[in-house]
Structures are given as structure tokens and as C-alpha cells.
Amino acid sequence: MSDVEVEPRVEVLAARDVPLGGPRAMTVRRTLPQRARPLIGAWCFADHYGPDDVARTGGMDVAPHPHTGLQTVSWLFSGEIEHRDSLGTHALVHPGELNLMTAGYGISHSEVSTARTTILHGVQLWVALPERHRHTARDFHHHVPRPVRLDGGEARVFLGSLVGVTSPVPTFTPLLGAELTLDPHATVTLAVDAGFEHGLLVDLGEVRMAGTPVHRGELGYLAPGTGTLTLENTTGAPARAILLGGAPFEERIVMWWNFVGRTHEEIARARREWQAASERFGKVEGYAGDRLPAPPLPNATLRPRGNPRAPQGPQ
């Protein structure tokens, strides 16, 4: 038996540019889903945007649109976004504050950067709901996690548990979500759940995740099987990243446009109901403009997809 310690293998996922929000689209960098890796835990979608000068780009203006079978997680680094939904929620998203919306069977919402915003910069994340909860009622949670000082950085835990802190926001599957900042040239080793998959989305700088470089805008993936995670800031300036984690999501899902379901027919029905202004999605009050129409369905049948079986890392 070898005494040599083997570094866990990290898979690095590159981002692709995607227009978001219809005719007044802003460009975002998307790292989830990917063909080879649709999910990390129940995290099924990750968009990263900015820093954008809204005087030049126009900022964010996403008209009312529907969701099913998921939760949206909004997290900002700078700027301010006005959220309105068909639950009746009217809330502002600020840097360092979590806004989590549960779509369940159906919800609609709008997202608009405010006039006070000069630089817009953040992430938009989705969580797939498991079968037993995916038709749950609409819901909304707001939480301001306190910053926790680390030896070499800082953490803000907005979902799940890390560094001795547990978020009070409930989740339907075991999850982790945290913003991490690392001091220049700092190395931080975190105790993590060995049963979780983990993803590290780098926002600023370059971070070595378990020995593998992950550049700005990339998402590093680490399979379950290790109880510690070492992160190293290789630059002379602060680095920042979003750490995502979760128990492997064993269900296969169909994800199209803003819907998460299990079959093509279920997605097609949700689209029809949105186009018909069904009560399933309710109505967003206070948005100055029309709803976002659904795009046409593809000619091919939408097929359920799930992650490949992840190899277990060293214990």
C-alpha cells in the first residue's frame, strides 16, 4: 500500500456566453448545466455576470417569466436588483444577501436592476427540486449571512453548513452555498461533507482547488469522497469564489427554458399554460411591461438527463 497522498481529481468546467432576458438581453457566463455534468448535487444552473457598467450595458431587465420544479438563488457582489413575483413578494437583492424563491408547481417573477445600480455583478443559481417536493407551494426567503473570519479569508454561508455556521434557510435536499474570499497568496483548508459533490465558481483571481487551477469564470468540480477541501489563492490580490455542494442528485430531469420537469410532455404542458396566462403561474404586479413569451419547443423530444456516476475520491 502506497504512503503517497493522492490529490483528489478536479474537473474544470468552462463557461459559455448566453444572452439572458429576451429582446433586452444581457450577456451572462453559464457553467451549469453542461452536457457532461448537468448537476452538482441538486444545483442545476449557474449564471455568472459582471462586473457590468449599466450605463453602457443597460443592466438587467428580465420581464415576468415562469418557473416550475426548482428554486432560484440570487446573490450579488455589487449593484441592486428589484424582485417581484406572483406570490406578491416585492424585494430588493443586495450584495451579501440571499434571496431564494421556490417555484414548486408554478411561479412567475421579474428581475430589474435599479436606478441606484452603477456596476452590476453577481450570480444566479437554480436548485432542482426532488420528486416528492417538486409540486410544493410557492415560497420566498430572504437571509443575510454574517461574515465569518477564516485563517486566510472570510466566508458567508447562505445555504447549508460550513465553518461552524448553519443557514436557517430550509432546503429540500442536502445543500451547501457560500461566498468565500481568500487573502492574497492565502491557503485555506475547509472541513466539508465527504458525501457531497462540490463546485467552486471563481469570480475574482485564480484559485487552486485541491491542487488544480481554476480561473475566473470557471467552475471546478470535485466528486464525493473527501472530508477536506484546500483552496489556494495564487495571486497577490484578494480572490473570491462561490462554493456549491450537495448530495448527488439521483433523479433524472428534463430542463428546458425556465422549467424543470421529468418528461417532454410535462414541459410542453407548462409552456402551453404559460402562453395561455394560466393561474398556475399567477401574475406579477408592478412590472412596467409585457410578460416574456416562451420560445418554441425543439422539434426533437426532450430527454431526461442526469449526471454520470462520479468516481469516489480518496477518504
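Screening region 280-289 for residues that are at pLDDT 95 or above and open to solvent by 70 Å² or more (accessible area, probe 1.4 Å) and picking the one that is nearest to Thr226 (Cα to Cα) gives Lys283. Pick from region 188-203 the residues that are without any contact (Cβ under 8 Å) to a residue 60 or more places away in the chain and in a strand (DSSP E or B): which of them is surrounded by the fewest Cβ atoms within 10 Å (Cβ to Cβ)? Filtering region 188-203 for residues that are without any contact (Cβ under 8 Å) to a residue 60 or more places away in the chain and in a strand (DSSP E or B), the one surrounded by the fewest Cβ atoms within 10 Å (Cβ to Cβ) comes out as Ala191.
Of Leu120, Leu100, which residue is closer than 28 Å to Gly220 by Cα, in contact with a helix residue (DSSP H, G or I) (Cβ under 7 Å, 6 or more places away or on another chain) and assigned to a strand (DSSP E or B)? Before the answer, list the steps.
Values: Leu100 fails: in contact with a helix residue (DSSP H, G or I) (Cβ under 7 Å, 6 or more places away or on another chain).
So the residue among Leu120, Leu100 that is closer than 28 Å to Gly220 by Cα, in contact with a helix residue (DSSP H, G or I) (Cβ under 7 Å, 6 or more places away or on another chain) and assigned to a strand (DSSP E or B) is Leu120.
Among residues of region 33-51 being at pLDDT below 95 and of a type in the set (D, E, K, R), the one that is surrounded by the most Cβ atoms within 10 Å (Cβ to Cβ) is Arg37. For region 77-88, the condition holds for no residue, the condition being that it is open to solvent by less than 10 Å² (accessible area, probe 1.4 Å), farther than 30 Å from Gln275 by Cβ, at pLDDT 95 or above and part of a strand (DSSP E or B). The condition (being under 19 Å from His67 (Cα atoms), modelled with pLDDT of 95 or more, of a type in the set (A, V, I, L, M, F, W, C) and open to solvent by 50 Å² or more (accessible area, probe 1.4 Å)) is satisfied by just one residue among Ala277, Ala270: Ala277. When each of Pro145, Pro170 is tested for being out of contact with any helix residue (DSSP H, G or I) (no Cβ under 8 Å at 6 or more places or on another chain) and surrounded by fewer than 17 Cβ atoms within 10 Å (Cβ to Cβ), the lone residue that passes is Pro170. Selection of region 204-241 for residues being in a strand (DSSP E or B), over 19 Å from the mean Cα position of the chain (by Cα) and not hydrophobic (A, V, I, L, M, F, W, C) yields Arg208, Thr212, Pro213, Thr228, Thr230, Glu232, Asn233. The strands (runs of 3 or more DSSP E) located wholly in region 127-187 that include 1 or more residues which are hydroxyl-bearing (Ser, Thr, Tyr) occupy 175-182. For Met255, the conditions (1) of a type outside the set (D, E, K, R); (2) closer than 14 Å to Leu150 by Cα; (3) open to solvent by 50 Å² or more (accessible area, probe 1.4 Å); (4) not in a loop (DSSP other than H, G, I, E, B) are fulfilled apart from (2). Taking region 300-314 as the range and being modelled with pLDDT of 90 or more, among the hydrophobic types (A, V, I, L, M, F, W, C) and either under 14 Å from His198 (Cα atoms) or surrounded by fewer than 11 Cβ atoms within 10 Å (Cβ to Cβ) (or both) as the test, only Ala300 passes. When Arg156, Arg208, Arg134 are screened for being under 26 Å from Val93 (Cβ atoms) and open to solvent by 40 Å² or more (accessible area, probe 1.4 Å), only Arg156 passes. Of the candidates His121, His109, the single residue that is open to solvent by less than 50 Å² (accessible area, probe 1.4 Å), of a type outside the set (D, E, K, R) and closer than 23 Å to Ala294 by Cβ is His109. Scanning region 52-74 for residues that are more than 11 Å from Leu120 (Cβ to Cβ), hydrophobic (A, V, I, L, M, F, W, C) and surrounded by 23 or more Cβ atoms within 10 Å (Cβ to Cβ) yields Leu70, Val73.
The values are calculated or read from the model by the stated rules, or taken from the named source; none is laboratory data. It should be emphasised that the depicted structure is a prediction, and the values quoted were computed from it without experimental measurement. Ideal geometry is used to build each Cβ from the backbone, glycine not excepted, and the neighbour counts take in all protein chains shown. For the accessible areas, the whole protein counts, side chains as well, though only heavy atoms, and no ligand, DNA or RNA atoms are used. Shrake-Rupley method; radii C 1.70, N 1.55, O 1.52, S 1.80 Å.
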